[in-house]
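First comes the structure, then the notes that go with it.
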Amino acid sequence: MCGSAERGWGWGRCAPSPLLLLTLLLFAAPFGLLGEETRQVSLEVVPNSLGPPQNLLHIRAVGTNSTLHYVWSSLGPPAVVLVATNTPHSTLSVNWSHLLSPEPDGGLMVLPVDSIQFSSALVFTRLLEFDSTNVSDTAAEPPGRPYPPYSLADFSWNNITDSLDPATLSATFQGHPMNDPTRTFANGNLAFRVQAFSRSSRPAQPPRLLHTADTCQLEVALVGASPRGNRSLFGLEVATLGQGPDCPSMQEQHSIDDEYAPAVFQLNQLLWGSLPSGFAQWRPVAYSQKQGDRASALPCHSSPLRPALAYPLPQSPIVRAFFGSQNNFCAFNLTFGASTGPGYWDQHYLSWSMLLGVGFPPVDGLSPLVLGIMAVALGAPGLMLLGGGLVLLLRHKKYSEYQSIN
């Protein structure tokens, strides 16, 4: 009975069960953020009604009671606008005359507006390069002498239609600097491969992030570009919109299991609010070879999120078109590799992957191998105790059955 609970702070003896708390959390969450096991996913390069094709990719993932919209574009720096709605009937509206103008506000909308439960954006603003030749501290920040960064707003990108693959729900933005006097990218390119999913699964290639129907994967690959130093480390500057005046939070999750990404026991998450909400998720590892094995694994370091007020960021037209002239941007850097060990210099190749989604981020369960080891480790003492108990029981029974000859 709860009526006899003592006065004071806390729940006392009337504490709700964990199941009740979870139920209350789920009912309090907007329908668009609860997640769905499967979705009907479509990819479309939005046609430009005013002229030549533009790189505007719309991924629409429709569930029973919600729709996720991922709008990717290389107009300006590569960027994505993520929108979750609480209806399976929401649509994307593009006003090309606004979007392609110097003031693109209002050029991108998801309708009906009152169905939107969450929205945010990521902008990949600069490709960074550092000379790590004389750096011995692998945790140094920055990881070496910086070269002038490449502004991704000044890259020329392929026609996204040529890489659209409905079978794998993927498309690739591939670019190089428009002005390249030193021909650094004469035989190279920077690629952003985007892939959506209709259900939960895991890719065959490391880092094998567990994805769901509520996520979209981005793989960034730098291939064939000539580094400006013998021991160059590369990185990305990433900007995002804060939810209100504060920056999103960055979290680290640790595990005892490294089956899917050998020697990597950590998962990094960018959270735009208290769960369920929007998130980005990645393992702190990149690879210097296409097959992505343990020998080619590079550490991936994330800097703390910082308000992007000290210097101007390259503007994304689609972010401005959807959110208007907001200035509450936050930025962080990702750097790949260390001054020792494998690096981009091995094969002039670098790749890194992340997930972007809405709801509760995917959580890896323990692999069968780890479960088996735990079962053996925990089961052996139990078997020894059981065996000892049986021996004592049998000895006691033997003595109790002894009868005197008198």
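The values are calculated or read from the model by the stated rules, or taken from the named source; none is laboratory data. Please read these numbers as outputs of a predicted model, since none were measured by experiment. Here the Cβ positions follow ideal geometry from the backbone for every residue, glycine too, while neighbour counts run over all protein chains shown. Quick note on the areas: whole protein, heavy atoms, side chains included, nothing else; ligands and nucleic acids left out. Shrake-Rupley method; radii C 1.70, N 1.55, O 1.52, S 1.80 Å.
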Heavy-atom accessible area of Phe360, protein chains in place, probe 1.4 angstrom, given in Å² to nearest 10, is 90 Å²
Site Ser97, offset 7 angstrom along Cα→Cβ, radius 18 Å on amide nitrogen, limited to region 42-62, gives 47-52
With every protein chain in place, the accessible area of Thr38 for a 1.4 Å probe, in Å² rounded to the nearest 10, comes to 80 Å²
Between Asn48 and Leu392, the two model label points (7 Å from Cα along the beta-carbon direction) sit apart by a distance in nm of 8.3 nm
Of Thr172, Thr182, ordered by accessible area with the largest first and a 1.4 Å probe, the sequence is Thr182, Thr172
Met178 and Ser198 label points (each 7 Å along its Cα→Cβ direction) are spaced in nm at 3.9 nm
Simple SL model, points at 7 angstrom along Cα→Cβ for Tyr311 and Tyr147; separation in nm is 1.7 nm
The alpha-carbon center of region 181-209 and that of region 71-134 are separated, in whole Å, by 19 Å
Sorted largest first, the C-alpha extents of region 92-230 along its principal axes in whole angstrom are 55, 41, 31
To the nearest Å², the heavy-atom accessible area per residue of region 133-257 with 1.4 Å probe amounts to 49 Å²
With all protein chains present, region 126-359 has a carbon and sulfur share of its accessible area (1.4 Å probe) in percent of 50 percent
Expected field for Met178, accessible surface area in Å² at 1.4 Å probe radius, rounded to 10, holds 130 Å²
Looks like region 126-359, by Cα gyration tensor root eigenvalues a ≥ b ≥ c and the a/c under 1.5 rounded cutoff (else prolate when a/b is bigger than b/c, oblate otherwise), is rounded
Share of Cα-Cα pairs in region 224-365 beyond 24 Å, whole percent, is 40 percent
